[in-house]
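These notes concern the structure reproduced below.
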Amino acid sequence: MAVKQQKGPCWLCGQELSRSGVGRHLLAKHPGGEGDQPCMLLKIQDESGAYWLYADIPLKSTLKTLDTFLRDVWCECCGHMSAFMAPRSWGDDYSMSRKIGAFEPGESLRYEYDFGSTTTLYVTFVQKTARPQQKAAVRLLARNNPYAFVCCECGKPAEWVNAEGWDRPFYCDGCARDMLAIMLPVVNSPRMGVCGYTGEFDRYQYVPGGTK
């Protein structure tokens, strides 16, 4: 699926930014203060770069905490297995108990969810930083805006994707009713249209004036 990369808002101030500009913006405009919680700033994207997000996570948290977040925001559908590994490694997984603080800025990981219909993501450890104490371990800081797909039959905004045929994938609610195929909802995720993914765990929606 070829799409023009979307910008997205900084969840701390609302400024619309490109994927490449978010990291610089967060470090320059929203640095941590003295006494704040030590964290790592992360950049996460799919293989195409169309879907991207930035988040921070405490250094004392583990890869398991990050795995839970990635499942919620982008991946979880049927309780599939997942793993973190070096970007070019095949078979050498990192332990889910490994601490985020064990990684250095500039390092990266490949994340795979579901070893059958696999969704592959890339995690970059951007820089060690700090933040005020948060209720959630992973704080989402920026995310690409949803893509506006249109129905291949009538041109209306698409609400459904045909999981069985990517030659004519998108349909509005009315046209989808006539399709004898597995239809899944259009969602802001690189796993859209795969397996049984519906995005029901993704509650990370931008709210002006602060993060959830």
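Filter the chymotrypsin sites (Phe, Trp or Tyr not before Pro) in the range 82-120 down to the DSSP loop ones having no more than 13 other Cβ atoms within 10 Å, then list what survives.
Qualifying residues, ordered by number: 90, 115.
Starting from the Cα of residue 200, step 7 Å along the direction of its Cβ; do the same at residue 178; then give the gap between the two resulting points in nm.
A separation of 3.0 nm, rounded to one decimal place.
Do you know the relative contact order of the range 167-212, to the nearest whole percent, from alpha carbon pairs under 8 angstrom that are 6+ apart?
20 percent
Which net charge results when you count Lys and Arg as +1 and Asp and Glu as -1 among the other residues whose beta-carbon is under 11 Å from that of residue 6?
Net charge around residue 6: +3.
Give the distance, in whole Å, between the Cα centre of the range 1-72 and the Cα centre of the range 168-207.
Each part's Cα centre sits 24 Å from the other's.
Rg and Dmax in Å for the range 97-212, alpha carbons only: what are they?
Answer for the range 97-212, Rg first and Dmax second: 18.1, 53 Å.
At a threshold of 8 angstrom on Cα-Cα distance, excluding pairs fewer than six apart, so keeping six or more, what relative contact order does the chain reach in percent?
About 26 percent, as a whole number.
For the range 146-195, state what percent of all Cα-Cα pairs lands in each successive 5 Å bin, counting from 0 Å until the bin that includes the largest distance.
5, 26, 36, 24, 8, 1
For the range 8-143, what log10 I(q)/I(0) values come out of the Debye formula at q = 0.11, 0.13, 0.21 1/Å, with one point per alpha carbon and no solvent?
-0.37, -0.53, -1.38
Cross-link candidates for residue 29: which aspartates and glutamates have Cα within less than 20 Å, leaving aside residues fewer than 8 places away along the same chain?
Cα-Cα hits under 20 Å: 16, 56.
Whole-Hz Karplus ³J(HN,Hα) for the range 110-115, in order, using 6.51 cos²θ - 1.76 cosθ + 1.60 and θ = phi - 60°, x for Gly and Pro?
Using θ = phi - 60°, the values come out as 9, 10, 10, 10, 6, 8 Hz.
Tell me, what is the FRET efficiency for residue 96 and residue 15 to the nearest 0.05, using R0 = 41 angstrom and their Cβ-Cβ distance as r?
Here the calculated transfer efficiency is 0.75.
Which trypsin sites (Lys or Arg not before Pro) from the range 87-161 combine a DSSP loop assignment with at most 11 other Cβ atoms within 10 Å?
Answer by residue number: 88, 135.
Coordinate-derived values only; no laboratory data. Just so we're clear, the structure is a prediction, and the values are computed from it rather than from any experiment. We place every Cβ from the backbone using ideal geometry, glycine too, and count neighbours over all the protein chains shown.
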